[in-house]
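Heads up: the structure comes next, in structure tokens.
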Amino acid sequence: MADTNKSIHGEWSSRFAFILAATGSAVGLGNIWKFPYITGENGGGAFVIVYLLCVAAIGIPIMIAETMMGRRGRQSPINTLQTLTEEAGANKNWHYLGWLGVIAGFLILSYYSVIAGWSMAYVIKAFTGSFSGESASQISGLFADLQASPIQQAFWHTLFIIATMAIVARGVQGGLEKAVRFLMPSLFAILMLLVAYAMTTGSYMQGIEFLFKPDFSELTAASVLTAMGHAFFTLSLGMGAIMVYGSYLPKDISIGKTAIIIAGADTLVALLAGIAIFPIVFANGLEVGSGPGLIFETLPIAFGSMTGGWLFGVLFFILLVFAALSSAISLIEPAVAWCVEHYGIERKHACIGMGFFTWLLGMGTVLSFNQWSDVTFFGATFFESLDYLTANLMLPLGGLFIALFAGRIMLPKDSKEELNLGNDMLFTIWKFLVSYVAPAAVFIVFLNVLGVFGIFS
Ligand code: TRP
């Protein structure tokens, strides 16, 4: 264990601050962009039920594991893993798990920032009335134009990285905590406004039915696996983001209850985003299964034709930018914390360095939509390869090993002491879930993405 009781990077000022920050990390493009479109593609209600089961049985136990490991190690994931490996007297190679996470976060942020950049561009488009009175094909054209322009995308990507780094540079309380204290309530307020609007569209019940009425005949093995993979991504698990946030958690706070609140809030936001989006899609006779373009192509068509649509369009894309920003800071915090620990440099300088490399790599994603669109690795563009490598390989692998480490490598007396659940039975259930259930489930997802179950995908 680190000999100090606090992280050198500081601590959250309260349990509530940690809940806000971790919820801010969890709630992101995954909830508002990805969840609605994959639900649309996978037939609705039954998919939602599987996703909820995955959050409860795999997501929450791993979130508890990451938070617990972070708080016990009190450092960036790389050094935390090193400390915990020594404490457990385990094989030294376990510390590569920390590296896997830090690198995954850096890679994810590089493309996450480009998509967040599109959202920023769309705030302006909505504000200047670019959608009103336009035909569906003109609106698709707007999206195609943005993708075709390296300059426009580079501009927004640069701005988003600068905003992210400016927050991270200000530190745990002055930067991260202050940002989420503003971003999260605003996000929630905007979301409630959009839900209220959706209730007035006349297709509200159709949207609700789509989300909550399960039709198990629509459920395929591939959708079960998609639901499971998404549970990881949406809860920010598998790469140490929650671990590094856990390392700033004061000692006296109960981890179990807190993780349940965070997972619950993340799920609530995803469902509310669905409740806001589907009625609007149905009311305008649009296609729910339109894929990743659902919010950049389909939804603007609705914003363009409805009364007050520009205002709701502006609000919607601001919501998306806020959600992305509070997630982005958690993607790079592990790398920044490690630089500070390892090189003994100031946080500000670590941010400039990491920001630059992330920005540079992100330019690869920008170009993959235009200039480099025919440069492919195994048939995938640069962006698609990065997305695949991180979301489909690195996160499940990271999650699998985190679960195994917490459940089977750490000494039970240590994990029990750190968790302090106050109830032996709860501890036994948690330990069973992370030792067996979560690894087995992740292993299945992992085999699937490697194509072992190619028939399902
Ligand atoms: N959870 C975020 C979303 O849903 C994305 C994210 C932030 C993330 N930090 C992460 C995903 C760490 C995986 C790992 O958009």
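Laboratory data are not the source of any read-out in this text; all were calculated from the coordinates shown. Just so it is clear, the model here is predicted, and its values are computed rather than measured. Here the Cβ is made from the backbone with ideal geometry for all residues, glycine too, and neighbour counts use every protein chain on show.
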Computed magnitude of the charge dipole of region 285-385 (debye, nearest 20; Cβ of K, R +1, Cβ of D, E -1): 240
Whole-Hz couplings from phi, Karplus 6.51/-1.76/1.60, listed for region 204-213; x for Gly and Pro: 4, 5, 5, x, 4, 4, 4, 6, 10, 9
Lys/Arg +1, Asp/Glu -1 at C-beta; the chain dipole; positive extreme among N448, V123, I19: I19
Signed unit charges on C-beta, dipole axis of the chain, positive-most listed residue P36, I208, L107: L107
Gyration tensor (Cα) of region 312-391, equivalent ellipsoid semi-axes in angstrom: 26, 21, 11
Between region 147-168 and region 352-383, the Cα center-to-center distance that results, in Å: 13
Estimated vicinal HN-Hα couplings, Hz - region 105-120 in sequence order (Karplus 6.51, -1.76, 1.60; Gly, Pro = x): x, 4, 5, 4, 4, 4, 8, 4, 5, 5, 5, 4, x, 4, 4, 5
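Rounding to the nearest 20 debye, state how big the charge dipole of the chain is about its Cα centre with +1 on each Lys and Arg Cβ and -1 on each Asp and Glu Cβ. Display every interim value, and only then the final one.
Working: 20 positive and 26 negative charges, 188 e Å.
Dipole magnitude for the chain comes out near 900 debye.
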Förster radius 22 Å - calculated FRET efficiency between T200 and L52 (Cβ-Cβ, nearest 0.05): 0.20
Charge dipole (debye, nearest 20) of region 398-447; +1 at Cβ of Lys and Arg, -1 at Cβ of Asp and Glu: 120
Sequence-separation-based contact order of the chain, relative, with Cα cut under 8 Å and 6+ spacing, percent: 34
Cα centroid separation - region 281-299 against region 306-331, whole Å: 17
For region 1-152, convex hull volume per residue from C-alpha positions, Å³: 189
Computed label-point distance, nm, for sites E218 and F378 using a 7 Å Cα→Cβ extension: 3.1
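Using DSSP to call loops (not H, G, I, E or B), can you name the chymotrypsin sites (Phe, Trp or Tyr not before Pro) in region 230-300 whose Cβ has at most 11 other Cβ atoms within 10 angstrom?
Values: sites: F232, F233, Y245, Y248, F282, F296; in loops: Y248, F296.
Here no loop site has a sparse enough neighbourhood.
Okay, helix-only estimate at 222 nm for the chain: each DSSP H run of n ≥ 4 adds -39500 (n - 2.57), divide by all residues, round to 500 deg cm²/dmol; what do you get?
Numbers: 21 runs with 310 residues, N = 457.
When only DSSP H runs of four or more count, the value is -22000 deg cm²/dmol.
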For region 16-49 and region 187-252, distance of Cα centres in Å: 3
Lys pairs, the chain - Cα-Cα below 23 angstrom, 8 or more residues apart or on other chains: 21
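Can you work out D for the chain in µm² s⁻¹ from Stokes-Einstein, where Rh is the Kirkwood radius over C-alpha pairs, the temperature is 25 °C and the viscosity is 0.890 mPa s?
Values: Rh = 22.2 Å.
Translational diffusion coefficient: 111 µm²/s.
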Separation of the Y343 and Y96 label points, Cα + 7 Å toward Cβ, nm: 2.5
